[in-house]
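Q: This structure is in structure tokens; I'll ask about it shortly.
The values are calculated or read from the model by the stated rules, or taken from the named source; none is laboratory data. All values reported here derive from a predicted model rather than from experimental measurement. Cβ placement follows ideal geometry from the backbone for every residue including glycine, while neighbour counts extend to all protein chains displayed. Calculation scope for accessible area: heavy atoms of the full protein, side chains included, ligands and nucleic acids excluded. Shrake-Rupley method; radii C 1.70, N 1.55, O 1.52, S 1.80 Å.
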Amino acid sequence: IALAILYVALARRIGWTAHALNTPGHVLVTVGEGEPVVIDPFDRGALLDPQRLATMLQTLLGGAALRDEHIAPMSNRAVLLRLLMNQASRAERSGALGRTLALFERIMTIAPAYSNGWWELARLQLATGDSGAARESLTSLLETTRDPLARAQANAALDALTA
């Protein structure tokens with residue numbers, strides 16, 4: 001993601017239109033308008049023709065259906081969120097619970113409408129023994145989602161914390 005950010009920043013700096021794409025598992029960059037060029041920052045800036053892009057997307061999606069959101073430009077906030085989520089995932093896999101918690105606190109500062117982030121933050125707060133903060137995060141989750149299943153799970157977790 002950091003390489004994609006550099007490509008986009010450089011292109012924009014010289015006046016070109018550029019965006020990081022919301023490609024699953026691999027951030028690509030488009031440069032230009034109309035028929036933009038698709039660049040793979042992780043393959044030394046290789047240009048992806050439509051066939052190579054289609055093949056890459058099929059591989060990344062593992063047979064799942066391609067949706068418009070998979071090749072949609074990301075906002076700067078979405079790029080930052082994805083970067084932080086990757087860092088949080090790596091931190092948690094390495095067992096750095098404090099770092100993971102700090103990253104999720106940052107994530108929720110920049111993307112408070114990201115409901116799943118509140119759930120993850122509450123889970124991490126509980127793992128560190130801070131049930132008061134977990135209750136606050138679950139309450140924030142209830143304020144940001146209308147999904148009935150997520151609301152039921154958050155309410156059940158809140159009930160369990162107050163019991």
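Q: Can you name every residue in segment 53-69 that is over 19 Å from P41 (Cβ atoms) and surrounded by 13 or more Cβ atoms within 10 Å (Cβ to Cβ)?
A: Answer for segment 53-69, where residues must be over 19 Å from P41 (Cβ atoms) and surrounded by 13 or more Cβ atoms within 10 Å (Cβ to Cβ): L61, L66.
Q: Quick one: would you say G95 is over 17 Å from P24 (Cα atoms) and either assigned to a helix (DSSP H, G or I) or more than 10 Å from the chain's Cα centre (by Cα) (or both)?
A: yes
Q: Report, ordered by the first and then the second residue, all pairs with beta carbons closer than 7 Å, sequence separation of six or more or different chains, a first member in segment 125-136 that is of a type in the set (D, E, K, R), and a second member that is surrounded by fewer than 17 Cβ atoms within 10 Å (Cβ to Cβ).
A: Sorted first by the residue in segment 125-136, then by its partner, the pairs are R135/L161.
Q: Ok, one more. Out of (1) at positive phi; (2) open to solvent by 60 Å² or more (accessible area, probe 1.4 Å), what's the single condition that is false for G45?
A: Tallying (1) at positive phi; (2) open to solvent by 60 Å² or more (accessible area, probe 1.4 Å), G45 fails exactly one: (2).
Q: Please specify each residue of segment 96-109 satisfying the condition of being open to solvent by less than 40 Å² (accessible area, probe 1.4 Å) and not small (G, A, S).
A: Result: T100, L101, L103, F104, I107, M108.
Q: Considering only residues that are part of a helix (DSSP H, G or I) and closer than 17 Å to E143 by Cβ, which ones fall in segment 111-127? Steps first, answer last, please.
A: Step one: of segment 111-127, the residues part of a helix (DSSP H, G or I) are 115-127.
Matches in segment 111-127: S115, N116, G117, W118, W119, E120, L121, A122, Q125.
Q: Does segment 13-53 hold any residues that are free of Cβ contacts under 8 Å to residues at least 12 places away in the same chain and in a strand (DSSP E or B), and which are they?
A: V37, A46, L47
Q: Is it the case that some residue within segment 128-146 is in a helix (DSSP H, G or I), open to solvent by 40 Å² or more (accessible area, probe 1.4 Å) and touching a Leu at 6+ places or on another chain (Cβ under 6 Å)? Before the answer, list the steps.
A: Applying the first criterion (in a helix (DSSP H, G or I)) to segment 128-146 yields 131-144.
Narrowing the set further to residues that are open to solvent by 40 Å² or more (accessible area, probe 1.4 Å) leaves 131, 135-136, 139, 143-144.
Now restrict to residues that are touching a Leu at 6+ places or on another chain (Cβ under 6 Å): 131, 135.
Yes, segment 128-146 contains at least one residue that is in a helix (DSSP H, G or I), open to solvent by 40 Å² or more (accessible area, probe 1.4 Å) and touching a Leu at 6+ places or on another chain (Cβ under 6 Å).
Q: May I pose another question? Which is of a type in the set (A, V, I, L, M), touching a Leu at 6+ places or on another chain (Cβ under 7 Å) and at pLDDT 85 or above, of L80, L66, L84?
A: The conditions single out L84.
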